[in-house]
Amino acid sequence: MSSIAFQLLINGLIAGAIYALVASGFSLIYSTNKFIHFAHGAVIAFSAYVLYFLFSILGINFGFSVVLAIIFASLLGYLLDIAVYKQLRKKKTSSVILLIASVGLLILLESLILLLFGADVKTIGFIKGSKGMEFLGAIITPLQIFIIITSIILLAGLFLFMKKTKLGKAMRAVSDNKDVAEIVGISSEKIYSWSFIIGSAIAGIAAILIGLEQNLEPTMGTNLMIKGFAAAIIGGIGSVHGAVLGAFLLGIVENFGIWYLPSGYKDAIAFVLLFIFLLFRPQGILRIKRRAEK
Amino acid sequence: MMKKQNKIYLVIGIVVVVLIAAIVIFSNQQSEEEVIKIGAILPLSGSNAVYGQEIQNAIELAREEINSEGGINGKVLKIIYEDDQADPKMGTNSMQKLVNVEKVFVVLGSWASGSVVASAPIAEENQVIVLASAISPLITDAGDYIFRMQPSAIFYTSKSTELLRKEGFSTAAIIYINNEFGVGLKNAFISDFESRGGDIISVEAYEQGASDFRTQLTKIKDKNPEIVFIPGYQDTVDVIKQMKELGIECKILAGPPFESQSSIEKLGNMADGVLYAYHFVAGKNDTKSQQYEQAYLEKYGVPTGGFAPLMYDGTYIIANALKKCGEETSCIKKELYSTEYNGVTGKVTFDENGDPLIPIVIKTVKNGKFVPYNK
Amino acid sequence: MIEAYFIHLAILVGIYLILALSLQLALGYTGLINLGHIAFFAIGAYVSALLTLSGIPFIIAILLAGVISALFGFLLSIPTNKLKGDYLALATLAFTFVIYAITLNWASLTRGPLGLPGIPKPSIFGLSFSSNLSFLILILVIVLAVYFLIKRIVYSPFGKVLEATRDNELATRVLGKNTFKIKSIALGASAFFAGIAGSLYAHYITYIDPSSFTIMQLIPILCIVIIGGLASLRGTIIATIILILLPEPLRFIGFPSSVVGPMRQIIYALILLLILIYRPKGFFGKVELE
């Protein structure tokens, strides 16, 4: 019996790693911009499809395709900021309007994917199916190991970036208190743009890994976004470590949950947790306050 | 200021409405030649388009042949296709459009059981004949005007469980697609397998459109079944791939949609040895079958298979009824119930529920080809 | 043939109008950022479908659909009462997901993803509304009733209190009004009408499943309410007609339905974004979305 428990743990870690990649980019954008960028999921979906298009349709070398897809993700995020969010910011609209706008963007981009690529499931045929490796009674494939490792490296890199680099510190400054940051000479508009560029680049990496591990279908963006968002809320939105904690927790709870419940309840677990946390503990487990972090 | 705004927007509204009316009327300036039109609902796009496509090929082949031989008493047979993407919501919309707007009196299809079950009540209420190609046992009682060319799931599972028990399989797991099709097959299999003394040790479901089955397969692996039954659509291929990844090595029994070139292409030699119950075997001896297989190959460049032969026969059966009855659906209905048609799928008759009586055969994959299974 | 098509469009306009007016009550007049409105639509649809499929007469089913939706609206207002702005929006959005998860997984009641086929056409005291034309007449009657009811509410003193709550809840409380009760009633009433719309939808399409009620279906309604303008009934009516009719020519230019679907959503999303950026009051709105 313990081997299934270990397999569920592994599955939970894999899912957690994927959610962490989604949630961390999203959280970076949220903590800097202070609104929910729902369209983040669509950036991920679109980038995965771009990878599919470049590699599986046009036949471009895989390495190149990956790089191009990540650049595309960054650009798309940046574009969404400039074209839509910035225009709304100019009018000093509330974060609610930005949220509604982001939902509109999510639907827009997903429908675009549906239109351009069709409703059928697509596969990025880079890795051929084969038996996974056995590890303490559980099976894990090389790709899955790669996902977990990449996720950890990326997140570590993100922490270092936020702590050590000038840009990272500037982002934290804007996140803590935009007005004070501006007094010190930091251009908040520039920081907003950077948060979208970097956050969306992480989304691009997430897209590559998810696209290889799972198949592509047009609504994948919404599904990932709900999970990533749930992870961020559970862990504590407004901080990247909160998002990561929430992501791994969610992944593990989901997979152990369906040991007892029928498998169809897996998504329901995320929805119910999200709903409960929003109602009763919106600061999340780490009690992240929306403004300053003491 | 307000008043002027109001006027502007009212004008916009009127313009929009007039625009639509114009387009609508314009698009109907077609000559009403002597046509007799029927409808067809198929998955023409989306993940399951491969099945809708092959059925459409067969229907078109039949239609052309019928029209070249004088049509329906001199009138040209025309078919209005609707795409349901194997989704019951879209199937319902398609049926409503065909019945209420296009006002057809016969509808071929659909292929997806969910789509048929959802849309059949609309047809039945309006006394429109439906000739579907779907497996769910619920279609048996769907209505007096509802017929199908594919036998009910219980015939498939009866045959397959008989074989499995004879070959000594006692424990089975099922991972099924959670829609009308999958549920129908799952229930029929459980009932048949258990009544033959077998043991169902794990039942897992996945949603239509899902691509990650690791959770369900992990639980199945834990139970160690001798055989896994996968009633699924194209996703069966991914289930099998992930089974291999997780190291599940037992025998596999698939559902009818497994017989499709894409299964072989995607699985390679992982497809060898997979069993499935089926309603058609190619290469029969009679002239009609040979002519059909030849014509299909010539016209479409690929050998026929899957659900195409069912609806090739189906189109002819409908055409014959139309020749006798015109557009009178209660007459067509009576004709169908008393049909005895020698088609490429064998001798076709319908029982009192509108279900066909066609023999079921167990097939498997050998060296990349779909062949009858010989022990 | 063409008349059949126009009747179909008119019925859709009617159903969406009721749904949009109900959202207007909560969002436009009371300032409740309820992004979970589709959940009430779903509850109404499922309740009405399940009741009529068990033989309960339509008139009881549709009323119960409204009442049970209203009950959920009421219940939702309790824990969300203290929430403001985007947390309220998110919590209500999450509510849609939870209802989706319930309809998907409580298969013994709802048949899960298999949905409920064969929902009977309405029949009131033996009079059957099975033809589309008769259904249209039924809808027209209900739309008029709903419109006048909502109009009475918003132009009444209670309506003034709703708008006061929207504009400045604190001040309204200071003046002695129980804003909690007011918001609960507003959300409950909004949910009631959404439930009615849901019932009509179920009985028209005759098939519903969980995927009929997701965030995708929220966009057209949100679009209508914001474009028409918050707190404007007339704006809602005009916006509903225009937005429902607008994508239809696409069908006639010859695009297949697999293209028309996504294009409709793209049009709605684009219009929503443009309005939010360039004209947040909508065309007839009294206030902006705060």
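A quick yes/no check of all residues on (1) among the basic types (Lys, Arg); (2) within 13 Å of chain C (Cβ to nearest Cβ); (3) surrounded by fewer than 20 Cβ atoms within 10 Å (Cβ to Cβ); (4) on the phi < 0 side of the Ramachandran plot:
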| site | (1), (2), (3), (4) |
| --- | --- |
| A:Ser195 | no, no, no, yes |
| A:Met225 | no, yes, no, yes |
| A:Phe229 | no, yes, no, yes |
| A:Val244 | no, no, no, yes |
| A:Leu249 | no, no, yes, yes |
| A:Ile252 | no, no, yes, yes |
| A:Leu261 | no, yes, yes, yes |
| A:Tyr265 | no, yes, yes, yes |
**Report entry** Search result, residues across the stretch B:250-287 that are surrounded by fewer than 13 Cβ atoms within 10 Å (Cβ to Cβ) and charged (D, E, K, R)
**Finding:** B:Glu265, B:Asp286
Report task. Return the residue satisfying two criteria in turn: it lies in the stretch C:1-60 and is β-branched (Val, Ile, Thr) and free of Cβ contacts under 8 Å to residues at least 12 places away in the same chain, and of such residues it is nearest to C:Tyr207 (Cα to Cα). Result -> C:Ile56
Query raised in the report: Of (1) assigned to a helix (DSSP H, G or I); (2) away from chain C (no Cβ under 13 Å); (3) more than 29 Å from B:Gly46 (Cβ to Cβ), A:Arg287 satisfies all except one. Which?
Result: (1)
Report summary line: Of the candidates C:Arg111, C:Arg173, the one satisfying the condition of being farther than 23 Å from C:Ala42 by Cβ and not hydroxyl-bearing (Ser, Thr, Tyr) is C:Arg173
**Report entry** Single residue of A:Phe26, A:Phe6, A:Phe46 found to be farther than 30 Å from A:Leu99 by Cα, among the aromatic types (Phe, Trp, Tyr) and in a helix (DSSP H, G or I)
**Finding:** A:Phe6
Requested in this report: From C:Ile224, C:Ile237, grab the single residue that is under 25 Å from C:Leu289 (Cα atoms), modelled with pLDDT of 90 or more, touching a Ser or Thr at 6+ places or on another chain (Cβ under 7 Å) and away from chain A (no Cβ under 12 Å).
Outcome: C:Ile224
Query raised in the report: Of the conditions (1) in contact with a strand residue (DSSP E or B) (Cβ under 7 Å, 6 or more places away or on another chain); (2) buried (at least 20 other Cβ atoms within 10 Å of the Cβ), C:Ile59 fails just one. Which one is it?
Result: (2)
Query raised in the report: In the stretch C:68-114, which residues are of a type outside the set (A, V, I, L, M) and facing chain A (nearest Cβ under 8 Å)?
Result: C:Pro79, C:Thr80, C:Gly85, C:Asp86, C:Tyr87, C:Phe95, C:Phe97, C:Tyr100, C:Asn105, C:Gly112
Report task. Output the number of residues of the stretch C:161-201 satisfying the condition of being farther than 24 Å from C:Ile18 by Cβ and of a type in the set (A, V, I, L, M, F, W, C). Result -> 6
Query raised in the report: Any idea which of (1) farther than 30 Å from C:Ile238 by Cα; (2) touching a residue at least 60 places away in the same chain (Cβ under 8 Å); (3) surrounded by 20 or more Cβ atoms within 10 Å (Cβ to Cβ) is the one C:Thr80 doesn't satisfy?
Result: (2)
Requested in this report: Taking B:Gln234 as meeting all but one of (1) outside any strand (DSSP E or B); (2) more than 14 Å from chain A (Cβ to nearest Cβ); (3) touching a residue at least 12 places away in the same chain (Cβ under 8 Å); (4) not small (Gly, Ala, Ser), write down the number of the exception.
Outcome: (2)
Query - Count of residues meeting criterion [touching a His at 6+ places or on another chain (Cβ under 9 Å) and crowded, with 24+ Cβ neighbours inside 10 Å] in the stretch B:95-131 - result: 0
Report summary line: When A:Ser187 is run through (1) within 22 Å of the chain's Cα centre (by Cα); (2) hydroxyl-bearing (Ser, Thr, Tyr); (3) farther than 29 Å from A:Leu278 by Cα, the failure sits at (1)
Report summary line: Checked the stretch B:157-174 for anything more than 21 Å from the chain's Cα centre (by Cα) and of a type in the set (Lys, Arg); matches are B:Arg165, B:Lys166
Report summary line: The strands (runs of 3 or more DSSP E) lying entirely within the stretch B:122-223 that contain at least 3 residues which are of a type outside the set (Ser, Thr, Tyr), within 30 Å of C:His203 (Cβ to Cβ) and not assigned by TED's automatic domain parsing to the domain that holds B:Gln56 are none
Query raised in the report: Which helices (runs of 4 or more DSSP H) does the stretch C:177-290 wholly contain that include 3 or more residues that are aromatic (Phe, Trp, Tyr)?
Result: C:179-205
Report summary line: Taking the stretch A:58-102 and keeping residues facing another protein chain (nearest Cβ under 7 Å) and within 21 Å of A:Ala207 (Cα to Cα) leaves none
Report summary line: Scanning the stretch A:121-143 for residues that are in contact (Cβ under 8 Å) with a residue 40 or more places away in the chain and either within 7 Å of another protein chain (Cβ to nearest Cβ) or basic (Lys, Arg) (or both), the one nearest to A:Gly59 (Cα to Cα) turns out to be A:Lys122
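The values are calculated or read from the model by the stated rules, or taken from the named source; none is laboratory data. Treat the numbers as computed from the prediction; the structure is a model and nothing was measured. Virtual Cβ from ideal backbone geometry, glycine too; neighbours counted across all protein chains shown.
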